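See structure below.
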Amino acid sequence: MASNAILSQGTRFYIQALGTNGTAKTITAITQANPAVVTSTTHGLATGDVVTIAAVVGMTALNGQSYMIKNLTANTFELVNCDSTGFTAYTSGGTATPFTFLESNEHKSYTVSPGQASDIDKTTMISTAKEFGVGLSDTGTFDVELNYVVADVAQVEMKKGLLDSSERWFKIVKRNGGVTGMKGSVRSLSEAGSVDGIFTGSLSVRLSGNKNEA
C-alpha cells in the first residue's frame, strides 16, 4: 500500500503581529452548531486566517474570543474548535477582524508537544504494586529551531513576546495547504554560536489552548 506521508520541506511559519489587524468584517448570522458557522457577505478571508469576534448581540460568549477559520464559501466560514450549540442564539451585529501575521524565513524544524497529565503516586506501604492516579494536564508546548537573525521580522516579534508575555497566535502552513494554528506565550528565545558555524536559536512557546487544524 502506498504511503500518504507528506513532505515537510516547504513548510512556512508565521507569528501574529500583536496589535496589528486587518479590516473588520460585518457579521449577519452565526449558527448554534458544532462548529459554529458565521455569515459575513463577501468577507474575502482565507482558510487558516485567525479572527477575533466583537460586538455580537445574543451569542455574546463569542465576544473577545479568537478562532482559526476554515470551510469557507464566499459569504460564510467555520470557527475551528468552536461548539456554539449551548450558546445563546445570535440576535444581531458583530464583527470578525482578521489578525496580521509575520512570516519567518529562518525556521529549520518545529515540534508541537501536546499536553500531558501528571502521575500522582498513591502507593502505600501495603500496596502490592505501584499505584497511580491521573493529575492535572498542561496545555503543551510549541518549539522551533531556527537560524538566529536579529533583523528577521518574525524574530523581532518573538522578542517582543518574550518581554510582554502576551498571548499570540502561531501558524504552520504545510506544502499541501494544511494549516496548524496554536495560541500561546513566548517563554524563551535562545541564541547560540559555534566554531565554523552560524548563529542558531530556539523558540519555545507555552500553549494556552487546543491545536487548531484547517
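Residues that are under 25 Å from S202 (Cβ atoms): list the strands (runs of 3 or more DSSP E) wholly contained in region 74-161 that include at least 3 such residues. Explain how you work it out, then say what you get.
Values: elements: 76-79, 95-104, 107-113, 117-121, 132-137, 141-147.
The qualifying strands (runs of 3 or more DSSP E) are 95-104, 107-113, 141-147.
Could we say that L62 is in contact (Cβ under 8 Å) with a residue 12 or more places away in the chain, farther than 21 Å from F101 by Cα and assigned by TED's automatic domain parsing to the domain that holds T97 here? So L62 passes the test. Of the residues in region 24-37, at least one is closer than 12 Å to A89 by Cβ and touching a helix residue (DSSP H, G or I) at 6+ places or on another chain (Cβ under 9 Å).
Considering the conditions (1) among the aliphatic types (A, V, I, L, M); (2) over 23 Å from I172 (Cα atoms); (3) assigned by TED's automatic domain parsing to the domain that holds Y90, A2 is excluded by exactly one of them, (3). For region 59-80, a residue qualifies if it is surrounded by fewer than 16 Cβ atoms within 10 Å (Cβ to Cβ) and not hydroxyl-bearing (S, T, Y), and the qualifying residues are A61, N63, G64, Q65, N71, A74, N75. Please work out if G161 is in contact (Cβ under 8 Å) with a residue 24 or more places away in the chain and not hydrophobic (A, V, I, L, M, F, W, C). Yes: the conditions hold for G161. Condition first: aliphatic (A, V, I, L, M) and either surrounded by 14 or more Cβ atoms within 10 Å (Cβ to Cβ) or under 24 Å from M68 (Cα atoms) (or both). Can you find one or more residues in region 110-118 that meet it? Looking through region 110-118, at least one residue is aliphatic (A, V, I, L, M) and either surrounded by 14 or more Cβ atoms within 10 Å (Cβ to Cβ) or under 24 Å from M68 (Cα atoms) (or both).
Using the structure shown, decide if T91 is under 30 Å from V156 (Cβ atoms) and at pLDDT 95 or above. Talk me through it step by step, then tell me what you get.
Numbers: under 30 Å from V156 (Cβ atoms): no; at pLDDT 95 or above: yes.
Criteria not met by T91.
The values are calculated or read from the model by the stated rules, or taken from the named source; none is laboratory data. This structure is a prediction, so every number in the text was calculated from the model and none was measured. When we count neighbours, we look across all protein chains shown, and the Cβ atoms used for this are built from the backbone with ideal geometry, even at glycine.
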